[in-house]
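Structure first, commentary second.
FYI, it's all coordinate maths here, none of it is from the lab. What you are looking at is a predicted structure, and each value in this text was computed from that prediction instead of being measured. Cβ placement follows ideal geometry from the backbone for every residue including glycine, while neighbour counts extend to all protein chains displayed.
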Amino acid sequence: MRIKNILFFDKVESTQLLAKEFIFCKKDLLIVANEQEKGYGRYQRFWYSPIGGLYFSFLLNLEKEEIISPFDIIFHIVKSVTISCEEVFILKEKLQIKWPNDIYYQDRKLCGILAEKFNSSLICGCGINLNNNEFPQEINNAISLKEILKREINSYEKFLLLENILQKINYQEIRKEDLLIFLKERNYLKNKKVKILLSYKKEITGICVDIDEDYSLLLEKGIKIFSGEVEKVYL
Ligand code: BTN
């Protein structure tokens, strides 16, 4: 994957929404912003995006990526962002992935990734909490790098982080076997009891045993979850 076109903005409604406006170009593109007024996440939930965080969306034209599945690309991005955060900030503790694609530090969310597909385009957006001091009341389990490191993240480090992520995304080969090893190793939900909201308001509770070869979440008794929202983790 090679992304050569990058657009930087100070403030946007949402990098994700902006990326949609470029779909017709059929080009790969990265849109980065310092602040978002209408950032959103999975299930259209509000994504708190104050100035000083890192918010970006990749617009990828899948027509020429026939051999790779969108899932491989999404998890390649998840892995790249995770490892870059650890490398750039020399985190003492490894980050974990809360299926499908939240990045967790201990029991709190550091980064959210949203993937949306439109015909042959994939828009993969990522929000990383950098300098947040506090979060709105309704967001009760978020954490920022500032909180982890107990110091402000400067703009040079922010740039380094973005550059490191881009390097990985662009130059590291996408190998499904490696992605699966990574996801299995970093599975935040492993051996935890979880309640998952499925479509049509159905829900299921069970112990997560693994992430399967097709990226589904594997619960005890061989139950596979292909899509859904982990509503509760029993700690
Ligand atoms: C989630 O946790 O539900 C995913 C959050 C994704 C947020 C990012 S920030 C950059 C991009 N622009 C948006 O409006 N959303 C994504």
Open item on the list: For segment 29-70 and segment 89-162, what is the centre-to-centre distance using only Cα atoms, to the nearest Å?
Closed with: 12 Å
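Give me 205, 15 sorted ascending by neighbouring Cβ count inside 10 Å, so fewest comes first.
Values: 205 12, 15 25.
By the 10 Å Cβ count, ascending: 205, 15.
With the Cα gyration tensor of the chain in hand, convert its eigenvalues to equivalent ellipsoid semi-axes via √(5λ) and list them largest first in whole Å. Please list the in-between numbers first.
On the way: eigenvalues 132, 97, 63 Å².
Semi-axes from the Cα gyration tensor: 26, 22, 18 Å.
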- [ ] Note the full-extension length gain between residue 64 and residue 8 as 0.36 nm times their separation in residues minus their Cα-Cα distance, in nm to one decimal.
- [x] 17.6 nm
Open item on the list: Suppose each label sits 7 Å from its Cα in the direction of the beta carbon; what would the residue 149-residue 204 distance come out to in nanometres?
Closed with: 4.0 nm
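Where both partners of a DSSP beta bridge lie in the chain, what percent of those bridges are antiparallel, to the nearest 5?
85 percent
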Task: Radius of gyration and maximum dimension Dmax of segment 193-234, Cα, Å - done: 9.5, 26
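Can you work out the FRET efficiency for the pair residue 193 and residue 157, with r the C-beta to C-beta distance and R0 = 25 Å, to the nearest 0.05?
Working: r = 37 Å, r/R0 = 1.49.
According to the calculation, E is roughly 0.10.
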Task: Computed FRET value (nearest 0.05) for residue 220 with residue 178, which takes r as the C-beta separation and R₀ as 35 Å - done: 0.85
Task: Helix runs (DSSP H) in the chain reaching 20 Å along axis by Cα, Kyte-Doolittle at least 1.0 - done: none
Open item on the list: Quick check on segment 97-235: what are the equivalent-ellipsoid semi-axes from the Cα gyration tensor, as sqrt(5λ), descending, whole Å?
Closed with: 27, 21, 15
Open item on the list: Please check: in the Gaussian network model of the chain (C-alpha springs, under 10 Å), which one of 102, 72, 214 has the largest mean-square fluctuation.
Closed with: 214
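Any idea what the relative contact order of the chain is, in percent, if you count C-alpha pairs under 8 Å spaced at least 6 apart?
Details: 430 pairs, mean separation 37.7, N = 235.
With pairs under 8 Å counted, the relative contact order is 16 percent.
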